[in-house]
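The values are calculated or read from the model by the stated rules, or taken from the named source; none is laboratory data. Everything quoted here is computed from the prediction, not taken from an experiment. Virtual Cβ from ideal backbone geometry, glycine too; neighbours counted across all protein chains shown. Just so you know, the surface numbers come from the protein's heavy atoms only, side chains and all, with ligands and any DNA or RNA stripped out. Shrake-Rupley method; radii C 1.70, N 1.55, O 1.52, S 1.80 Å.
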Amino acid sequence: MSSASSSVRRVAATVLAAGAIVSAAALPAAAHDGDRHHQQRPRVEISRVQADSPGREDRSNRSLNGEWVEIRNTTRNPVNLRGWTLRDSDGNRYRFDNVRIGGRDTIRIHSGHGRDTRTDLFQDRRDYVWDNHSDTATLRDDRGRTVDTKTWGRRR
């Protein structure tokens, strides 16, 4: 019996050791996955897009300003957007000046002309930027890294 109980103890020890090794390997992987998921959420994101200006599209300033992209700061701290860009699929680009977006605040970037405020910025364009049926808005930081994208419809 001592040989049998010795074998049982060896098998149990082997199983416990294997379980410890698997657990030790899984914990860092799980922690890393959580960090990666956390890092995927941008601090600043494209929260909404109004690509199809309400009413008749007659290229009036009112109609142009009816299309906009809303940017939201998801953190509690302000973020300076100086040097950041917002682009469409055709390469139209808006470059942010010295714009600070407060913690948990949103700003709208309108296509037409207007006076910039804390909540509304204007691209000062005379034509529409966003395709009503399909387009992609891409927000990049001052180093050119993609921060967020928002796509609608299907590109041909």
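Take the range 54-156 with all the other protein chains still there, run a 1.4 Å probe, and you get 62 Å² of accessible area per residue.
Remark: the range 99-116, residue by residue, has Karplus-estimated 3J(HN,Hα) of 10, 9, 10, x, x, 6, 8, 10, 9, 10, 10, 8, 7, x, 8, x, 9, 4 Hz, where x stands for each Gly or Pro and the curve is 6.51 cos²θ - 1.76 cosθ + 1.60 at θ = phi - 60°.
Only protein atoms count toward the accessible area here, which uses a 1.4 Å probe; on the range 59-156, the carbon and sulfur part of that area reaches 36 percent. Site pair ARG154 and ASN92 shows an inter-label distance of 2.4 nm when each label is modelled 7 Å from Cα along Cα→Cβ.
Summarising the amide proton neighbourhood of ARG48: residues at separation of 5 or more, or on other chains, whose placed amide H is nearer than 5 Å comprise GLU70.
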